[in-house]
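The values are calculated or read from the model by the stated rules, or taken from the named source; none is laboratory data. Computed from a predicted model, the values in this text were never measured in an experiment. Don't worry about glycine lacking a Cβ; one is built from the backbone with ideal geometry, like all the others, and counts go over all protein chains shown.
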Amino acid sequence: MTRVAVEHLEFFSSIDEIALAERELIENLAWPHATAVLNADDKRVANFADVARGRVITFGASPRADFRAEKIEERGIEGAAFDFVSPTGRVRLESPLIGRHNVMNAVAALTAASVWGIGAEEARRVFPTLKPADKRGEVVRYEGGFSVINDSYNSSPTALNALVQLLASTPGYQRRILASGEMLELGDSSAELHRECGRAAAATRKIDWIFGVQGHAADLIRGAVEAGFPQERTQFFENSTEAAQFLEKFVTRGDLLLLKGSRGTKMEKVLEVIDAHRRRAEAKPPLETIEAGRREHD
């Protein structure tokens, strides 16, 4: 039976040490009957090929990748479209999952699936029906005319910055609101990393309100204000319960609210309180959502 290992590293404070540990997964595969699927965009991961003793295939956005995404079109909360380029050709694929990271996840999955002969034709049928995992990029629409991006499962500077860019680039909303819980386990650099994220949010010039929840999230607000964001459009809460009570009354028609934070901040409480007082809108069928996004960008 063919074994497949897919390696794709994200942000870690000691990423080189993590990479060395992850490399052991490749070294210990059941060679020569295994296949290693490696991220060509990450030099550390790509170098895992040096310890492989069998077939290696790569994915990414780099021209070096065997399977790659090109001409990525991010559609804000309506998902994304991209050219999937593989040894068998090029095809345009669409997905309702939000963010560039989910495009790369899709390419990684297709690369691994190619081992069993699964490819773009299957993806065309399946991708439009995909739904995000719990608290990971869920888009919740309400009858009151506002929407919430619930990405409260966890957070890191890289992930937060990516979601802030998505929030800023989503058209069709009057106010774009960031509610960021503290990012935990960042070590001695935590305060500065939070300030950097605040400065990045301010630099978009498309975020209308910034709320910080717990601990070093106050530094995120501080960084945003230092970068020119209006202090009167910020507020800090000691915990997510306080934030939830405020935000449930604050959100209104035309708002897009992003909830982000580490597990320990429990930012999902904000959504729970909103759900207790507001009615969710009926979800759009996935294909309808994608077609609406296409018309808006044509």
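The table below lists the values:
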{"quantity": "Hits in segment 223-235 - residues which are within 15 Å of ALA191 (Cα to Cα) and touching a strand residue (DSSP E or B) at 6+ places or on another chain (Cβ under 9 Å)", "calculated": "ALA224, VAL225"}
{"quantity": "Selection count, segment 28-44, where residues are within 30 Å of SER189 (Cβ to Cβ) and either at pLDDT 95 or above or not assigned by TED's automatic domain parsing to the domain that holds SER86 (or both)", "calculated": "4"}
{"quantity": "Segment 66-94 - residue that is within 14 Å of THR111 (Cα to Cα) and either surrounded by 21 or more Cβ atoms within 10 Å (Cβ to Cβ) or among the small types (Gly, Ala, Ser) (or both) and, of those, farthest from the chain's Cα centre (by Cα)", "calculated": "GLY89"}
{"quantity": "Among residues of segment 11-27, those that are out of contact with any helix residue (DSSP H, G or I) (no Cβ under 6 Å at 6 or more places or on another chain), modelled with pLDDT under 75 and not hydroxyl-bearing (Ser, Thr, Tyr), counted", "calculated": "1"}
{"quantity": "Segment 190-200: number of residues that are closer than 12 Å to ARG222 by Cβ and small (Gly, Ala, Ser)", "calculated": "2"}
{"quantity": "Residue identified as crowded, with 23+ Cβ neighbours inside 10 Å and without any contact (Cβ under 8 Å) to a residue 40 or more places away in the chain among ALA200, ALA224", "calculated": "ALA224"}
{"quantity": "Cross-chain or 6+ apart pairs with Cβ under 9 Å, segment 15-27 first and assigned by TED's automatic domain parsing to the domain that holds ARG44 and touching a residue at least 12 places away in the same chain (Cβ under 8 Å), then of a type in the set (Lys, Arg) and surrounded by 11 or more Cβ atoms within 10 Å (Cβ to Cβ)", "calculated": "ILE15/ARG44; ASP16/ARG44; ALA19/ARG44; GLU22/ARG44; ARG23/ARG44; GLU27/ARG53"}
{"quantity": "Boolean, LEU184 is assigned to a helix (DSSP H, G or I) and touching a Gly at 6+ places or on another chain (Cβ under 7 Å)", "calculated": "no"}
{"quantity": "First in segment 229-253 and over 14 Å from VAL148 (Cα atoms), second anywhere and surrounded by fewer than 20 Cβ atoms within 10 Å (Cβ to Cβ) and among the acidic types (Asp, Glu), Cβ under 7 Å, 6 or more apart", "calculated": "ARG233/ASP208"}
{"quantity": "Of all residues in segment 146-157 being touching a strand residue (DSSP E or B) at 6+ places or on another chain (Cβ under 8 Å) and not polar (S, T, N, Q), the one that is surrounded by the fewest Cβ atoms within 10 Å (Cβ to Cβ)", "calculated": "PHE146"}
{"quantity": "Condition broken by PRO171, with the remaining ones in (1) under 22 Å from GLY60 (Cα atoms); (2) surrounded by fewer than 16 Cβ atoms within 10 Å (Cβ to Cβ) satisfied", "calculated": "(1)"}
{"quantity": "Search result, residues across segment 208-220 that are among the hydrophobic types (A, V, I, L, M, F, W, C) and either surrounded by fewer than 22 Cβ atoms within 10 Å (Cβ to Cβ) or within 15 Å of PRO157 (Cβ to Cβ) (or both)", "calculated": "TRP209, ALA217, ALA218, LEU220"}
{"quantity": "ALA108 being outside the structural domain of ALA159 (by TED's automatic domain parsing) and touching a strand residue (DSSP E or B) at 6+ places or on another chain (Cβ under 6 Å)", "calculated": "yes"}
{"quantity": "Counted residues, segment 79-128 - those being closer than 28 Å to ALA34 by Cβ and assigned to a helix (DSSP H, G or I)", "calculated": "22"}
{"quantity": "Close pairs from segment 171-192: first among the polar types (S, T, N, Q), partner part of a helix (DSSP H, G or I) and at pLDDT 95 or above, Cβ under 8 Å, at least 6 apart", "calculated": "SER180/LEU160; SER180/CYS197; SER180/ALA217; SER180/LEU220; SER190/ASP219"}
